[in-house]
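Inspection log for the structure reproduced underneath, given as structure tokens.
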Amino acid sequence: PPGQMGRPRRKGQRLPTLAARLESPETVWQTVTVQWYGGQPRVLELATGTAVWYHVGKPTVPLRWVLVRDPQGKRTAQGFLCTDPSQSAAQIVQWYRWRWQVEVTFAEVRAHLGVESQRQWSPRAIARTTPVLLGLFSLVVVQAQQSQRDGSWKLPQAAWYRKERPTFIDALALVRRQLWAAELLRRSPGSRKLGKVRQELWECWSDLLCYSA
């Protein structure tokens, strides 16, 4: 304050906790309708305000806090914090809902495609590797689908297991075969006489290489 020595204060009096605001009768609630999971509209009650997050020795972080409760009382109330105080409470709740697609995507690529945490030391390399892998997975699927629009996909079969639909490893093997065949034909000499390999043996070698690479 004017006339007081020392640096300006970085924080004021401690504000009530979110749990206290949830129980306080003075908390002002607003009713909003948001697009919830599955694209269905849902009515929620929101309370919001601004504050700062302060720790000794660290910069002060401005925040917007949001309390969300179910008007019907069927679900537990939740609290959210956003480091951009200019955003509205409804926008912050929508961002929280959008994060579900991201979490599901990472969970499924871990479970079905074997993607693991990256082991690079550089933060930039870590931030680049996983998005590049996800992009490559998408390109493989798109190319395989475009190549097999007529439904002539020859899936590997076994005596004890019959595969009805292609998996990602089948798509990857198909794309590998196309890329490798184009590279071999590009480098194949036109004047030299080459020994012919039986088509059945060539197909067998191709399958083994494409699925084991």
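The values are calculated or read from the model by the stated rules, or taken from the named source; none is laboratory data. A quick note: this is a predicted structure, and the numbers were derived from the prediction, not measured. FYI the Cβ positions are ideal-geometry reconstructions off the backbone, even for glycines, and counts take in every protein chain you see. The protein model used for the area step is the full one, side chains on, heavy atoms only, and it has no ligands, DNA or RNA in it. Shrake-Rupley method; radii C 1.70, N 1.55, O 1.52, S 1.80 Å.
Some values worked out for this structure:
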{"read-out": "Gained length - PHE168 relative to PHE106, 0.36 nm times residue gap less alpha-carbon distance", "value": "20.7 nm"}
{"read-out": "With all protein chains modelled, accessible area of GLU108 [1.4 Å, Å²]", "value": "100"}
{"read-out": "Accessible-area ranking of HIS55, HIS112, largest first, probe 1.4 Å", "value": "HIS112, HIS55"}
{"read-out": "From the C-alpha gyration tensor of the chain, square roots of 5λ in Å", "value": "58, 25, 13"}
{"read-out": "Förster radius 22 Å - calculated FRET efficiency between VAL32 and VAL52, Cβ distance, rounded to 0.05", "value": "0.30"}
{"read-out": "Cα-based radius of gyration of the stretch 18-100 once divided by 2.2 N^0.38 Å, which approximates compact folds", "value": "1.16"}
{"read-out": "Accessible surface of VAL52 - all protein chains present, 1.4 Å probe, nearest 10 Å²", "value": "80"}
{"read-out": "Accessible-area composition of the chain, carbon plus sulfur, in percent [1.4 Å probe]", "value": "57"}
{"read-out": "Phi-based couplings in Hz for the stretch 47-60 (Karplus 6.51, -1.76, 1.60; Gly and Pro marked x)", "value": "10, 9, x, 10, 7, 10, 10, 10, 10, 4, x, 10, x, 6"}
{"read-out": "Normalised contact order of the chain, rounded percent, pairs of Cα under 8 Å and 6 or more residues apart", "value": "10"}
{"read-out": "Within the stretch 70-112: backbone nitrogen closer than 17 Å to the LEU15 label point (7 Å, Cα to C-beta)", "value": "78-93"}
{"read-out": "Under 12 Å, Cβ to Cβ, from ALA77 - net charge with Lys/Arg +1 and Asp/Glu -1", "value": "+1"}
{"read-out": "Förster radius 41 Å - calculated FRET efficiency between GLN145 and GLU116 (Cβ-Cβ, nearest 0.05)", "value": "0.95"}
{"read-out": "Label-point separation in nm, GLN78 to ALA127, each point 7 Å along Cα→Cβ", "value": "2.6"}
{"read-out": "Distant-in-sequence amide H partners of GLY49 (H built 1.01 Å from N, under 5 Å)", "value": "TRP65"}
{"read-out": "Positive minus negative residues near TRP29 (Lys, Arg vs Asp, Glu; Cβ under 13 Å)", "value": "-2"}
{"read-out": "Most to least accessible of LEU174, LEU46 (protein chains only, probe 1.4 Å)", "value": "LEU174, LEU46"}
{"read-out": "Accessible surface, per residue, of the stretch 71-184 when the full set of protein chains is kept, probe 1.4 Å, Å²", "value": "76"}
{"read-out": "Accessible area of THR105 in the full protein assembly, 1.4 Å probe (Å², nearest 10)", "value": "60"}
